[in-house]
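All remarks here apply to the structure that follows.
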Amino acid sequence: MPVGVSRRLLTQEVWLVLALSLGASGVSALISFLGVLTSAKPISGQTAVIVGSRAPGRPWLDLTWQIFAVVTALVPVALVAHLFARGGESLRAIGFDLRDRWRDLGRGAAVAACIGGAGLLFYIAAHASGVNLTVDPSQLPDYWWRIPILVAVSAQNAILEEVIVLGYLNHRLDQLGWSVRSATAASALLRGSYHLYQGLGGFAGNVIMGVIFTYLYRRWGRIMPFVVAHTLMDTTALIGATYLLGKVSWLPS
């Protein structure tokens, strides 16, 4: 337990952090999915866009909005760092640092190769079964900044999700006395919840990934491999879809 913080205050802190970040995203995704279910179109006939233009036809304004969105999305991570510091801890407590960069990089690349490949097959199967929307990772216009923004969005998603959902949440639930099984379930279900806008396949696939990530995180004691893995997977998906969607028959479009 952090110095000078009661169990009640720590519980309130967790709820507030989630309400300001991915917990709110989970509720938003649920509302979005309810809209999908009540639409006249079949689930697989609807599209979920991950990164789209924020000012069509105005490239410099669009770029400004994209940068703004990336930066502000990371504010909850800064909040977690602040809360850790107030309690006499730091993000090193969850392994968010560069002390073991080469091992983190190797482990992250291995996780990305395994989970990324399986995730793609799972998405194709879920879409074919009619329980997942067609995911269009990127609808950014073809400006010079498209690829840098896609990489930045990938890194932002990775840092936000792994710091909050994998590191922070498991760390705090451990301090609150939750069992490993219960904390793992909470982390995995949260990860699945904010992917529900993609459909039941997106939810289920991310719950499974959350369980695997949490198991490995508890073995390795560091979130950096998962930040690396998540960044690699999202970058591959966003950039790959930009050039392959609609041009290869096996990728739903």
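The values are calculated or read from the model by the stated rules, or taken from the named source; none is laboratory data. Given the structure is predicted, the values throughout are model-derived calculations rather than measurements. Note: ideal-geometry Cβ built from the backbone for every residue, glycine included; neighbour counts use all protein chains shown. Just so you know, the surface numbers come from the protein's heavy atoms only, side chains and all, with ligands and any DNA or RNA stripped out. Shrake-Rupley method; radii C 1.70, N 1.55, O 1.52, S 1.80 Å.
Looking at the range 166-185, which of the residues that are among the hydrophobic types (A, V, I, L, M, F, W, C) and under 13 Å from Y215 (Cα atoms) is most open to solvent (accessible area, probe 1.4 Å)?
Filtering the range 166-185 for residues that are among the hydrophobic types (A, V, I, L, M, F, W, C) and under 13 Å from Y215 (Cα atoms), the one most open to solvent (accessible area, probe 1.4 Å) comes out as V180.
Only one residue in T64, T11, T72 is in contact (Cβ under 8 Å) with a residue 24 or more places away in the chain and either in a helix (DSSP H, G or I) or among the acidic types (D, E) (or both). Which one?
Checking each option against the conditions leaves just T11.
Among the candidates S90, S44, S53, single out the residue that is of a type outside the set (D, E, K, R) and loosely packed, with under 13 Cβ neighbours inside 10 Å.
Within the list S90, S44, S53, the selection yields S90.
Tell me, yes or no, whether the range 188-209 has at least one residue that is more than 16 Å from the chain's Cα centre (by Cα) and open to solvent by less than 40 Å² (accessible area, probe 1.4 Å).
Taking every residue of the range 188-209 in turn, none turns out to be more than 16 Å from the chain's Cα centre (by Cα) and open to solvent by less than 40 Å² (accessible area, probe 1.4 Å).
Considering only the range 39-54, I want to know if a residue exists there that is out of contact with any strand residue (DSSP E or B) (no Cβ under 7 Å at 6 or more places or on another chain), among the hydroxyl-bearing types (S, T, Y) and at pLDDT 95 or above.
No, every residue in the range 39-54 fails to be out of contact with any strand residue (DSSP E or B) (no Cβ under 7 Å at 6 or more places or on another chain), among the hydroxyl-bearing types (S, T, Y) and at pLDDT 95 or above.
L22: in contact with a Leu (Cβ under 7 Å, 6 or more places away or on another chain) and either among the basic types (K, R) or in contact (Cβ under 8 Å) with a residue 24 or more places away in the chain (or both), yes or no?
It is true that L22 is in contact with a Leu (Cβ under 7 Å, 6 or more places away or on another chain) and either among the basic types (K, R) or in contact (Cβ under 8 Å) with a residue 24 or more places away in the chain (or both).
Scanning the range 141-162 for residues that are open to solvent by less than 10 Å² (accessible area, probe 1.4 Å) and under 10 Å from the mean Cα position of the chain (by Cα), which turns out nearest to V51 (Cα to Cα)?
S154
If a residue must be closer than 18 Å to R219 by Cβ and either open to solvent by 60 Å² or more (accessible area, probe 1.4 Å) or over 18 Å from the mean Cα position of the chain (by Cα) (or both), how many such residues does the range 114-134 contain?
Going through the range 114-134 one residue at a time, the tally reaches 1.
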